[in-house]
Each structure stands twice: as structure tokens, then as C-alpha cells.
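Asks: Have a look at this one before I ask anything.
The values are calculated or read from the model by the stated rules, or taken from the named source; none is laboratory data. As the structure is a computational prediction, the values presented were derived from the model and not from experiment. Positions of Cβ are backbone-derived with ideal geometry, glycine not excepted, and every protein chain shown enters the neighbour counts. SASA here: full protein model, heavy atoms, side chains in, ligands and nucleic acids out. Shrake-Rupley method; radii C 1.70, N 1.55, O 1.52, S 1.80 Å.
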Amino acid sequence: MGMAQARIARLTETDWRAFAGVRLRALTDSLGAEDPQYRLESTFTAAQWRRRLRAHAQFAAVVDNRPVGLIGAQRQSTESVYLYSLWLDPAARGHGLGRTLVAEAVNWARAQRVTRVTLRVHVENATARAVYESLGFTLTAPATGAADEVMMTLTVS
Ligand SMILES: CC(C)(COP(=O)(O)OP(=O)(O)OC[C@H]1O[C@@H](n2cnc3c(N)ncnc32)[C@H](O)[C@@H]1OP(=O)(O)O)[C@@H](O)C(=O)NCCC(=O)NCCS
């Protein structure tokens, strides 16, 4: 795959079909087609996908005009943006694209004039943690709720 042609795009409501496709691929790859979240989202209507694109900023990694990766960014408060659901197609991994996706979401957060960006990651997910650490994220606390997750934070201003 020619990663030199990769670009990051902020998805808009008119991209809902492409968004649905890559999001459902991410869920089946990460959780499997029997997972309740996959089963729920696979029934989403166009209106529901559009609503999600209105509610949060969604960025896609695009190679040869095909979305191969995603990250979601949610304005949590006046001070913080929360990043979630980072995923790259297995065929697109290992070229630094994950880092580029996170960096774009961080740039968006900075433009929102928040002071920090937060995310949660599985404690054993060394690849994802390396990506976040390379951008300056540091471990802050065990994530509330899930014992196997940690919270990471980046101060942006
Ligand atoms: C996390 C993910 C998006 C990263 O994709 P990517 O950018 O292709 O990642 P890369 O393979 O290029 O690795 C990124 C960096 O981590 C390093 N890395 C890879 N595996 C590692 C490991 N086991 N331990 C430490 N570092 C590791 C790489 O060397 C690379 O650093 P470099 O650019 O300095 O060489 C991708 O692996 C993915 O989609 N995973 C499944 C979903 C997931 O885990 N999402 C995160 C949820 S919080």
C-alpha cells in the first residue's frame, strides 16, 4: 500500500457511508461480529451516523481515496477534549499513520482552545501507548471503571 499518498480528513455528514464502513470494520476487527456494540451499530440508520458526525469530530486516514483508519474527538468540557476509538486497518499499520491521526486530532483540540487532551488505553497495548507517548502524552491515573485501562493526558496550552 502506498502510504506516501495517505492523508487525514475530517469527516462531514455527507461522508456518513464511508464513516459507517470504516467504523464497522474497526469494530469487527477489534471486537468481532458477535460483539454487542458491533451488532448495535450495524443497525444504525443514515440519520444515526449523521448524528454521530455532528456530535463529535471524526478524522479518517485516507489512502487512495479509501478510509483505512479512524479517530474520534469529543469536546468534554471547556478545558478538555477526549480522544477515542483509534483504529487502523491492519494492512495500513506500521507506517506511522496512527501517530498522524492522533496528531491531527490534537491539532483540532488545540484549535478548540482547550488546555488538555485525554484518552484511555488498555494497559497492555504497547503499540498504542508508544504512539501516544511519542506525541507527549503521559500516564495520569488508572481509568475509572475499567481496571485494565489507564488514562493518558497531553497538556496543549
Ligand atoms: C494503535 C495503532 C493505531 C497504531 O498504528 P501505527 O501507527 O501503524 O503503529 P506503528 O506500527 O507504526 O507503531 C507506532 C510506533 O509504536 C512502536 N511500536 C510498535 N509496537 C510496539 C511495541 N510492542 N512496543 C513498543 N513500541 C511499539 C513502533 O516502533 C512505532 O514507533 P516508531 O514510529 O518510532 O517506529 C494500530 O496498531 C491499531 O489500529 N491497533 C488496533 C486498535 C488499537 O489498539 N487502537 C488503540 C486503542 S486506545
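Asks: Considering only protein heavy atoms and a probe of 1.4 Å, how much of the accessible area of the chain is carbon and sulfur, as a whole percent?
Replies: 50
Asks: What nm distance separates the two modelled labels at residue 31 and residue 111, each placed 7 Å from Cα along Cα→Cβ?
Replies: Each label point lies 7 Å from its Cα, and together they span 2.9 nm.
Asks: Quick one: grab Rg to one decimal and Dmax as a whole number for the stretch 17-154, Cα atoms only, in Å.
Replies: Spelled out, the Cα radius of gyration and Dmax of the stretch 17-154 are 14.8, 40 Å.
Asks: Then there is this: Any chance you could tell me what percent of the C-alpha pair distances in the stretch 1-59 go past 17 Å?
Replies: That tail contains 46 percent of the Cα-Cα pairs.
Asks: Mind checking the per residue accessible area of the chain for me, 1.4 Å probe, whole number of Å²?
Replies: 54
Asks: Moving on. Suppose every Lys and Arg Cβ carries +1 and every Asp and Glu Cβ carries -1, with no other charges. What dipole size does the chain come out with about its Cα centre, to the nearest 20 debye?
Replies: For this selection, approximately 600 debye.
Asks: By how many nm would the segment from residue 157 to residue 91 lengthen if fully extended, with 0.36 nm per residue of separation less the alpha-carbon distance?
Replies: Once the chain is fully extended between residue 157 and residue 91, it gains 20.3 nm.
Asks: If you count only protein heavy atoms and use a 1.4 Å probe, how large is the accessible surface of residue 132, to the nearest 10 Å²?
Replies: Approximately 20 Å² for this residue.
Asks: Still on this structure, I have one more. Going by average Cβ neighbours within 10 Å, how do the peptides 29-39, 5-15, 114-124 rank, with the highest at the top?
Replies: Answer by packing, highest mean first, reads 114-124, 5-15, 29-39.
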